[in-house]
Structures are given as C-alpha cells and as structure tokens.
Amino acid sequence: MSYPTLFTTPGVRAFAEEIDAERQRQLAKFGDQHHPDGTGNKSQQDRADFARRWCESAFASGYGTWADILTEEVAEAEAERDPAKLRAELVQVAAVCAAWIADLDSRTTEGTRRVADETATTETDGAQRLCGKTRGVSGLYYRPCARTAGHREAYCRSADGGHLFLAAPPMDPVHILGIAAEDEPAAGARQDGADRG
C-alpha cells in the first residue's frame, strides 16, 4: 500500500498499518464498540503516582525497562477523567508502543527486518518471487511470507522472521466476514494483538 509522506519517524507507517489491520479485525469481530471510560477514580490516581515513582526510580538506578515506561503511561491514562486529557494520555501510550516495537524490530536479523513493510516486494528485476501469504489458518494476519513462492516447507515465515504460520486457503471476504474486498486488512498487516480496542 502506498501513501503520501505522512509519517516522519521511521517505522511509524508500518505501526499505523498494523494498528489499522487490527482495528479492522476488531470491527469484524465485535462491531463498533462503545463503553464507559472507567477511569479517574482515586485508586487509579494512586496507582499512577506509584507507577510514575517506580519508573523514575528504575531508570535512576539503571534498571528501567520498556515495561516500566508502558506501565506508567497506561496508569496515567487510567487516572484521567477529563476526555481530552485521557485522549492525550492514550496517544502517549500508543507512541510508547510504537517506540517499543521499533526497538524490538531493530533487534531482528538484518535483511529480513521491515522487508514487507517498507518495500512490499514480490517480484523485481530477476529476483525470485516471494510467497507473500499473510493469513494463517487461525484467521490472524502476519507480515507476508518471505520464503520463495511454492516453498516446500509446511509453514510460512513472516518477513520479520518472528512468526511461523500455516497459511490459510484464499477466502472470499464477502462471504466469510460480510465485508467488501477493499475492506480486507492490508497485505503485511499482522493481527495478533489484543481482542478488544
């Protein structure tokens, strides 16, 4: 999928595409959801204060982790009652998730990292055609298989090298999910996150 230049931070476009694909899966499974926020009570505010102190202490002592940062941001979001401030906190949660994912991706084997997200190559100037399958039999979506088309191995391997999956046969989204083909998740999007938004 090609977009005009909307994102300046490396990896954010791929992150946004994965979030969009996950939202499509959630919408197909649960529909448009509306729930109370359930935030801003005294115990949540106390937990946010504790999480903030814990995170500061962990980094001051040299033992801070991504989990500490995300825990603090989630706790701060849960402590907010004002919708505008809650929204701002949730954006911060998403930004921390994007940063953590970028860090995880930077640890993968060079050459497979971000192949599907940044180039979406299936066949170029004499290069072998890649399998490119994205949907597993479980119904989850992964980055396109980076193995050669028609590979003998039973399982596909996502381009990031992080997932093996048994590819599902092609499906007709109109009959399976009741959605139009153009609403199908983008190729390369992985949907193995939380069930609810």
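The values are calculated or read from the model by the stated rules, or taken from the named source; none is laboratory data. Quick caveat, the model's predicted, so the values are computed rather than measured. Note: ideal-geometry Cβ built from the backbone for every residue, glycine included; neighbour counts use all protein chains shown. These area figures cover heavy atoms from the full protein model, side chains too; ligands, DNA and RNA do not enter into them. Shrake-Rupley method; radii C 1.70, N 1.55, O 1.52, S 1.80 Å.
Among the numbered criteria (1) without any contact (Cβ under 8 Å) to a residue 40 or more places away in the chain; (2) in contact with a Phe, Trp or Tyr (Cβ under 9 Å, 6 or more places away or on another chain), which one does ARG13 miss?
ARG13 satisfies all of (1) without any contact (Cβ under 8 Å) to a residue 40 or more places away in the chain; (2) in contact with a Phe, Trp or Tyr (Cβ under 9 Å, 6 or more places away or on another chain) except (1).
Before we move on, is ALA58 in a helix (DSSP H, G or I) and under 30 Å from GLY136 (Cα atoms)? Walk me through how you get there before you give the answer.
Numbers: in a helix (DSSP H, G or I): yes; under 30 Å from GLY136 (Cα atoms): no.
The answer is no for ALA58.
Go through (1) among the charged types (D, E, K, R); (2) out of contact with any Gly (no Cβ under 9 Å at 6 or more places or on another chain); (3) outside any helix (DSSP H, G or I); (4) over 23 Å from LEU140 (Cβ atoms) and name the single condition ARG81 misses.
(2)
Say whether the condition of being hydroxyl-bearing (Ser, Thr, Tyr) and more than 24 Å from ALA79 (Cα to Cα) is met by at least one residue in region 48-67.
Yes; the residues of region 48-67 include at least one that is hydroxyl-bearing (Ser, Thr, Tyr) and more than 24 Å from ALA79 (Cα to Cα).
If the Cβ limit is 6 Å and pairs must be 6+ apart or interchain, which residue in region 70-97 that is open to solvent by 40 Å² or more (accessible area, probe 1.4 Å) pairs with which residue that is assigned to a helix (DSSP H, G or I) and among the polar types (S, T, N, Q)?
GLU78/GLN44
A quick yes/no check of all residues on (1) more than 22 Å from ALA102 (Cβ to Cβ); (2) surrounded by fewer than 18 Cβ atoms within 10 Å (Cβ to Cβ):
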| position | (1), (2) |
| --- | --- |
| GLU17 | no, no |
| GLN24 | yes, no |
| GLY31 | yes, yes |
| HIS35 | yes, yes |
| GLY38 | yes, yes |
| SER43 | yes, yes |
| ALA48 | yes, no |
| ARG52 | yes, yes |
| CYS55 | no, no |
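Regarding LEU104, is this residue buried (at least 16 other Cβ atoms within 10 Å of the Cβ) and at pLDDT 70 or above?
no
Which of the following residues is closer than 23 Å to LEU164 by Cα, at pLDDT below 90 and open to solvent by less than 40 Å² (accessible area, probe 1.4 Å): GLY11, GLY111?
Answer to the selection: GLY11.
Just give me the residues in region 114-139 being modelled with pLDDT of 75 or more and part of a loop (DSSP other than H, G, I, E, B), in sequence order. Reasoning before the result, please.
Taking region 114-139 first, the residues modelled with pLDDT of 75 or more are 129-136.
Listed by number, the residues that qualify are ARG129, CYS131, GLY132, LYS133, THR134.
Please specify each residue of region 58-69 satisfying the condition of being of a type in the set (A, V, I, L, M) and either open to solvent by 60 Å² or more (accessible area, probe 1.4 Å) or in contact (Cβ under 8 Å) with a residue 24 or more places away in the chain (or both).
From region 58-69, those of a type in the set (A, V, I, L, M) are 58, 60, 67, 69; that's our starting set.
Within region 58-69, ALA60, ILE69 qualify.
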